[in-house]
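Here is the structure we will look at.
The values are calculated or read from the model by the stated rules, or taken from the named source; none is laboratory data. Keep in mind the model is a prediction, meaning the values are calculated, not measured. Because the Cβ atoms are built from the backbone with ideal geometry, glycine has one as well, and the counts that use them run over all protein chains shown.
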Amino acid sequence: MTGIFQHSVDAKGRLFIPARLREELGESFHVTLSLEKCLSAFSSDSWAKFEDKFNTLSRDDKKRMRPLFSHAAKCDLDGQGRILLPQGLRVWAGLTRNVTVVGAGDCAQFWDSDEWAAVDEIETTPDNIAGVFRELDF
């Protein structure tokens with residue numbers, strides 16, 4: 001998934017999902033905690049692969065992964081292309097009003113817009129981009 005989109009969470013906790021990402025995520029998808037202070041959204045196919053991998057883990061490894069499942073929410077698009085983000089997830093990621101929706105390869109991420117601006121500024125330096133190209137062997 002690719003792209004950066006500016007949206008907002010409404011008073012009811014709904015977030016508009018851009019059409020380009022809706023095509024990839026599908027009508028129903030899972031949203032959960034991320035490695036950073038944002039949320040990650042996975043298509044049903046990606047989530048199923050994630051669950052399959054989880055089922056092969058040891059009991060201790062499963063315990064460490066528990067937050068990803070216990071805080072996950074299955075989100076369904078409404079007629080206007082919005083999802084209802086559970087309050088607990090919004091609070092955890094600091095999503096109060098302005099949200100930046102970011103395509104992040106195999107998932108979409110939902111960031112507080114101010115938080116995203118700070119991360120994006122660091123990640124888009126020429127040195128960092130050069131490192132990414134080296135890592136990908138471009």
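Overview of values
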quantity	calculated
Helices (runs of 4 or more DSSP H) lying entirely in region 85-136 (those with 1 or more residues that are touching a Leu at 6+ places or on another chain (Cβ under 8 Å))	87-93
From the options ALA93, ALA130, ALA117, residue that is under 13 Å from the mean Cα position of the chain (by Cα) and of a type in the set (Gly, Ala, Ser)	ALA93
Filter result for the condition that a residue is touching a strand residue (DSSP E or B) at 6+ places or on another chain (Cβ under 7 Å), over 19 Å from ILE4 (Cα atoms) and not acidic (Asp, Glu), over LEU95, LEU39, LEU136, LEU68	LEU68
Close pairs from region 21-33: first under 15 Å from ILE4 (Cα atoms) and crowded, with 17+ Cβ neighbours inside 10 Å, partner at pLDDT below 95 and among the charged types (D, E, K, R), Cβ under 6 Å, at least 6 apart	none
Scan of region 38-83 for residues that are farther than 13 Å from PHE110 by Cα, assigned to a strand (DSSP E or B) and either at pLDDT below 90 or of a type outside the set (D, E, K, R) (or both), ordered by number	SER43, ALA73, CYS75
Leading residue by the ranking (surrounded by the most Cβ atoms within 10 Å (Cβ to Cβ)) among those in region 46-88 that are over 21 Å from LEU25 (Cβ atoms) and hydrophobic (A, V, I, L, M, F, W, C)	MET65
